[in-house]
1. Just give me the residues in segment 176-193 being farther than 27 Å from Gly35 by Cβ and without any contact (Cβ under 8 Å) to a residue 12 or more places away in the chain, in sequence order.
2. Only one of these is modelled with pLDDT of 95 or more, open to solvent by 20 Å² or more (accessible area, probe 1.4 Å) and on the phi < 0 side of the Ramachandran plot: Pro227, Pro160. Name it.
3. Quick one: which helices (runs of 4 or more DSSP H) sit completely within segment 19-123 and have at least 3 residues that are modelled with pLDDT of 95 or more and over 17 Å from the mean Cα position of the chain (by Cα)?
4. Among the listed residues Gly142, Gly189, Gly199, identify the single one that is under 18 Å from Val78 (Cα atoms) and crowded, with 23+ Cβ neighbours inside 10 Å.
5. Across segment 303-317, what is the number of residues that are at pLDDT 95 or above and either of a type in the set (S, T, N, Q) or under 23 Å from the mean Cα position of the chain (by Cα) (or both)?
6. Give me the residue from segment 124-139 that is free of Cβ contacts under 8 Å to residues at least 12 places away in the same chain and either assigned to a loop (DSSP other than H, G, I, E, B) or among the aliphatic types (A, V, I, L, M) (or both) and, out of that set, surrounded by the fewest Cβ atoms within 10 Å (Cβ to Cβ).
7. Quick one: which residue in Leu234, Leu287 is at pLDDT below 95, closer than 27 Å to Gly22 by Cβ, of a type outside the set (D, E, K, R) and more than 15 Å from the chain's Cα centre (by Cα)?
8. Can you name every residue in segment 6-18 that is open to solvent by 40 Å² or more (accessible area, probe 1.4 Å) and either not in a strand (DSSP E or B) or not charged (D, E, K, R) (or both)?
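The values are calculated or read from the model by the stated rules, or taken from the named source; none is laboratory data. Note that this is a predicted model, so its numbers are computed, not measured. As a convention, Cβ positions derive from the backbone with ideal geometry for all residues, glycine included, and neighbour counts pool all protein chains shown. These accessible areas exclude ligands, DNA and RNA; they are computed on the full protein's heavy atoms, side chains included. Shrake-Rupley method; radii C 1.70, N 1.55, O 1.52, S 1.80 Å.
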Amino acid sequence: MYNTYQGGVPLAEVVRSGFVEGIHRGSVVVLDAAGSVLAAAGDVTAPIFPRSSNKPMQAAGMIAAGLRLADAADLALVAASHHGEDFHVRRVRELLAGADLPDSALRCPPDLPIAGLARAALYRAGGGPGRVYMNCSGKHTGMLLTCQENGWPVDGYWRPEHPVQERIRAAVQEYAGEQVAAVGVDGCGAPVLALSLTGLAAAFLRLVHADPGSAGRTVADAMRAHPEQVAGTLAEDTRLMAGVPGLLAKGGAEGVQAVAVPGVGAVALKIDDGAGRARMPVLAAALSRLGVRAPVLDELAAGTVYGGGEPVGSVRPLW
């Protein structure tokens with residue numbers, strides 16, 4: 001399918017020593033608590049690949065398909081892009097061992113931890129890339145366990161036609177309120193499902209407004225109760241959920257971010273060039289339109305530009 005996304009508008013500028021040296025373009029949509037568009041910029045109706053921002057809906061699809069986890073922290077890990085810290089890796093391995101599955105059952109490619117300290121510690125210990133260290137290993141473990149719960153074959157669990165992926169796709173469509181426009185191969189090897197930014201924001205709003213005990217609410221509650229599992233000790237998603245009461249957050253590769261606050265609204269954005277440094281300033285500006293304010297948002301509202309090891313400028317929102 002031809003990608004109909006038209007691209008965005010200037011959303012952030014990079015200022016060095018008082019000189020604007022770069023512009024990040026993108027698209028962003030803000031929904032109010034009822035799901036109506038409060039504000040938007042760029043193309044928010046054409047499909048994009050949300051990448052890992054789809055993970056909460058994917059996890060909800062696994063729960064709806066029968067995945068049962070005794071610990072909410074395990075479910076948060078299934079919806080995570082974890083940074084490969086010891087507590088992440090240990091939990092993935094415990095889930096696999098409990099299901100009598102080896103690390104090699106994971107389809108995600110071998111990788112190194114995202115967290116620099118964890119990566120350095122792994123190298124010091126004589127280790128190297130492994131499937132459990134890959135940031136999507138929690139999601140893949142959840143898919144494997146869902147297959148076991150249903151008696152589905154684990155072979156080929158990552159293929160779009162596999163029953164577990166069909167259930168996940170149905171859930172993503174249900175929460176987004178729109179049909180998946182395209183199916184691609186994500187960085188981890190599992191399917192990535194295309195949605196509009198408006199559909200992505202609506203999905204997050206439905207997750208936080210879902211009835212207690214439902215699949216979507218169970219995932220949202222687990223992520224918010226265990227934000228350290230969703231990303232990492234110093235990661236943005238973790239800081240956002242720890243710092244803004246009730247906020248659900250999940251970033252994705254290529255400059256995608258989605259958040260929702262129950263009773264307040266939701267935001268979804270994409271930075272066209274994929275630059276991660278522009279996501280938080282634009283997100284903080286978007287959340288301010290919903291009246292959401294918190295110290296952590298002040299901290300993330302402008303990225304720091306360095307020169308000679310010293311701050312010399314910032315990445316600041318234009319929208």
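1. Restricting attention to segment 176-193, the residues satisfying the condition of being farther than 27 Å from Gly35 by Cβ are 185, 187-190.
Scanning segment 176-193 gives a single hit, Val185.
2. Working: Pro227 fails: open to solvent by 20 Å² or more (accessible area, probe 1.4 Å).
Among Pro227, Pro160, only Pro160 is modelled with pLDDT of 95 or more, open to solvent by 20 Å² or more (accessible area, probe 1.4 Å) and on the phi < 0 side of the Ramachandran plot.
3. Details: elements: 55-64, 72-78, 86-98.
Ranges flagged: 86-98.
4. Just one listed residue meets the conditions, Gly142.
5. Initially, segment 303-317 is screened for residues at pLDDT 95 or above, giving 304-317.
Adding the requirement that they be either of a type in the set (S, T, N, Q) or under 23 Å from the mean Cα position of the chain (by Cα) (or both) leaves 304, 314-317.
Residues in segment 303-317 being at pLDDT 95 or above and either of a type in the set (S, T, N, Q) or under 23 Å from the mean Cα position of the chain (by Cα) (or both): 5 in total.
6. By that ranking, first place goes to Gly126.
7. Details: Leu287 fails: at pLDDT below 95.
Result: Leu234 is the single residue among Leu234, Leu287 that is at pLDDT below 95, closer than 27 Å to Gly22 by Cβ, of a type outside the set (D, E, K, R) and more than 15 Å from the chain's Cα centre (by Cα).
8. Step one: of segment 6-18, the residues open to solvent by 40 Å² or more (accessible area, probe 1.4 Å) are 6, 9-10, 16-18.
Across segment 6-18, the qualifying residues are Gln6, Val9, Pro10, Ser17, Gly18.
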